[in-house]
């Protein structure tokens, strides 16, 4: 590991299912930091004579803002070489032949932010919450 990295891999999860799956694979120990309510799980493992370090954080809620804030804290505090978001992806396959299954590793070439947009009258939107419509403005 290069000197500017302190941790090999940082993992992030959101749901309890994802969280339990990650905790199943290593002997994690909880770590807390002053002035930070986040509970981090840290572990090490050995492979081919090398020791690797892991840190995990369960994000408090879904969404890009919470994920970005948690990733920022992981980067600032643990300086990971890699950050991996573990979870159930809401991906789209390019053909009927491609399907995503539980356990698949998905590396997207394009990621959209579907939470961006504006509230409009229901007549102008396909997404409607009661008497309010939402017009997404997907960005990449």
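Please treat every number below as a calculation from the coordinates, not as lab data. What you see is a predicted model; the values in this text were computed from it and never measured. A quick note on method: Cβ atoms are made from the backbone with ideal geometry, for glycine too, and the neighbour counts reach across all protein chains shown.
For segment 35-60, how many residues meet the condition of being surrounded by 10 or more Cβ atoms within 10 Å (Cβ to Cβ) and part of a strand (DSSP E or B)? Before the answer, list the steps.
Step one: filter segment 35-60 for residues surrounded by 10 or more Cβ atoms within 10 Å (Cβ to Cβ), giving 36, 38-45, 51-60.
From what's left, part of a strand (DSSP E or B): 36, 38-45, 51-58.
So the count comes out to 17.
Quick one: how many residues across segment 72-83 are buried (at least 18 other Cβ atoms within 10 Å of the Cβ) and part of a helix (DSSP H, G or I)?
Here the count works out to 3.
Over 30 Å from residue 116 (Cα atoms), in contact (Cβ under 8 Å) with a residue 12 or more places away in the chain and surrounded by 11 or more Cβ atoms within 10 Å (Cβ to Cβ): is that true of residue 10 in this structure? Steps first, answer last, please.
Working: over 30 Å from residue 116 (Cα atoms): no; in contact (Cβ under 8 Å) with a residue 12 or more places away in the chain: yes; surrounded by 11 or more Cβ atoms within 10 Å (Cβ to Cβ): yes.
In short, no.
For segment 20-34, does any single residue satisfy the condition of being within 14 Å of the chain's Cα centre (by Cα) and exposed (fewer than 14 other Cβ atoms within 10 Å of the Cβ)?
Checked segment 20-34: no residue is within 14 Å of the chain's Cα centre (by Cα) and exposed (fewer than 14 other Cβ atoms within 10 Å of the Cβ).
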